[in-house]
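What follows draws every value from the coordinates through simple rules; no lab data is involved. What you see is a predicted model; the values in this text were computed from it and never measured. Please note: Cβ atoms are built from the backbone with ideal geometry, for glycine as well, and neighbour counts cover all protein chains shown.
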Amino acid sequence: AQSVSQHNHHVILSEAASLELGCNYSYGGTVNLFWYVQYPGQHLQLLLKYFSGDPLVKGIKGFEAEFIKSKFSFNLRKPSVQWSDTAEYFCAVSYGGSQGNLIFGKGTKLSVKP
Amino acid sequence: DAGVIQSPRHEVTEMGQEVTLRCKPISGHDYLFWYRQTMMRGLELLIYFNNNVPIDDSGMPEDRFSAKMPNASFSTLKIQPSEPRDSAVYFCASSRLANEQFFGPGTRLTVL
């Protein structure tokens, strides 16, 4: 079955630390890849997406992600986190034949200490 | 565009009562999704529609749950009868083709 794995359940960092959140997906041919963020008490919002082209994708708020096809990975990075980045982060994948459905990972909660 | 609209934003009801959650997708979007989010189970896809037709309802927990999409601008998720374990935040999302999904603000349901 198609699946998305996020390696870390909860990450705690101090402000200015660098961030990398892992995401791996199961093989399934052509994929579109997404990272969503959910701030406390809010709904999911798109951070960035990859459909094709340059595998290094830049999103909002200084986030970026790199698609490594050989590793089936789409890790999220930020060089220097801020307290306001405290949120839950979800990786999601749509497969070529999925008719629009997204498969979400279970999410990684990020806590940034001021 | 107003984005995905959900109502009500909060619902408190007693066990056994019928609950109806409503969603208006973004105009022009042909996919609509219903999700449930809890601390224990995370984000779960319940059902999704394409052009108003249910495509996959395998995530619907049991027969107490039903969803309809009578037209392109409106969908409902109904729970009858409701139980305390149904307490969760229910999100509606819409998308165009296989692009990113846009989420509504959610309905926080509490069943006492």
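Taking chain A as a Gaussian network, Cα atoms linked when under 10 Å apart, which of A:Ala16, A:Ala87, A:Ala65 shows the biggest mean-square fluctuation? In the Gaussian network model the winner is A:Ala16.
In percent, rounded to a whole number, the relative contact order of segment A:1-54 is 29, using alpha-carbon pairs under 8 Å and six or more apart.
When only Cα pairs under 8 Å and 6 or more residues apart are kept, what is the percent relative contact order across segment A:39-114?
Working: 98 pairs, mean separation 16.5, N = 76.
Relative contact order comes out at 22 percent.
Rounded to the nearest 20 debye, the dipole size of segment A:13-114 about its Cα centre is 100 debye, using +1 on the Cβ of Lys and Arg and -1 on the Cβ of Asp and Glu. Summing charges over all other residues whose Cβ lies under 14 Å from the Cβ of B:His10, with Lys and Arg as +1 and Asp and Glu as -1, gives +2. Spatial offset of segment A:1-66 relative to segment B:34-69 amounts to 23 Å, using the alpha carbon center of each.
Pairs A:Lys49/B:Lys24; A:Lys49/A:Lys78; A:Lys49/A:Lys69: which exceed 21 Å Cα-Cα? Don't jump to the answer; show the numbers that get you there.
Values: A:Lys49/B:Lys24 24 Å; A:Lys49/A:Lys78 15 Å; A:Lys49/A:Lys69 15 Å.
In this structure, A:Lys49/B:Lys24 lie more than 21 Å apart at Cα.
In a simple Cβ point-charge model (Lys, Arg +1; Asp, Glu -1; nothing else charged), the protein assembly as shown has a dipole of about 320 debye relative to its Cα centre. Cβ-to-Cβ counts within 10 Å put A:Tyr39, A:Tyr95 in ascending order as A:Tyr39, A:Tyr95, the fewest first.
For chain B, what is the relative contact order in percent, using Cα pairs closer than 8 Å and at least 6 residues apart in sequence?
Values: 285 pairs, mean separation 41.8, N = 112.
Result for chain B is 37 percent.
Counting Lys and Arg as +1 and Asp and Glu as -1 over every other residue whose Cβ lies under 14 Å from the Cβ of A:Pro79, the net charge comes to -1.
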